[in-house]
Amino acid sequence: MKKLVLCLFLLSQSVHAEIEVYQFANPEVELRYQSLTEELRCLVCQNQNIADSHAELAQDLRRKVYEKLNSGETNEQIIAYMTERYGDFVLYRPPFNTRTLILWLAPVLTLLIGGIGFWSLLKRRENSTEEKLSDTELADLNKLLQTKMGNKK
């Protein structure tokens, strides 16, 4: 029993998460902080923003955003710093330029190609000619059906 308690205690230490508490000068700065941390992507998790991520890099990025807000930088300056350092991938809504063109056009192209493929499949089905049975084949089939039906009675 003591070993079980010791194991549970040791395991609980590994899932211990630190809660960050930042003091803001006013509620407006706090709202800017929340907005920025929700707009920046965690580079480790890739599907979470840095506000929701528990990765160490996300903690560092949140701290950096806090420091830059307290030093008086604007949201645009902070975003420019992050994109200069980590690239456009750090943004959930990357700018529309030649480097991010595929990010913006890929969903539209995928739908367009899928729609064209589906439309051509429907047209091909519509245009396919069904093979009809000849009179002798139809007569043979009717004979077979009648003999089968006769056997079941």
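The values are calculated or read from the model by the stated rules, or taken from the named source; none is laboratory data. Since the model is a prediction, treat every value here as computed from it, not as a measurement. As a convention, Cβ positions derive from the backbone with ideal geometry for all residues, glycine included, and neighbour counts pool all protein chains shown.
Checked against the criterion of being within 24 Å of the chain's Cα centre (by Cα) and among the polar types (S, T, N, Q), the stretch 65-78 contains not a single residue that satisfies it. Please verify whether Asn75 is of a type outside the set (Ser, Thr, Tyr) and at pLDDT below 90, treating the condition exactly as stated. When the stated conditions are applied, Asn75 does not pass them. Of the residues Thr74, Thr110, the single one that is of a type in the set (Ser, Thr, Tyr) and either in contact with a strand residue (DSSP E or B) (Cβ under 7 Å, 6 or more places away or on another chain) or not assigned by TED's automatic domain parsing to the domain that holds Glu20 (or both) is Thr110.
Looking across Phe118, Phe89, one residue alone is touching a residue at least 40 places away in the same chain (Cβ under 8 Å) and not aliphatic (A, V, I, L, M). It is Phe89. Within the stretch 75-107, the set of residues being hydroxyl-bearing (Ser, Thr, Tyr) and exposed (fewer than 12 other Cβ atoms within 10 Å of the Cβ) comprises Tyr92, Thr98. A single entry from Glu137, Glu131, Glu126 fulfils the requirement of being more than 30 Å from Arg62 (Cβ to Cβ) and either modelled with pLDDT of 90 or more or not in a helix (DSSP H, G or I) (or both): Glu131. Against the list (1) exposed (fewer than 13 other Cβ atoms within 10 Å of the Cβ); (2) assigned to a helix (DSSP H, G or I), the condition Leu69 fails is (1).
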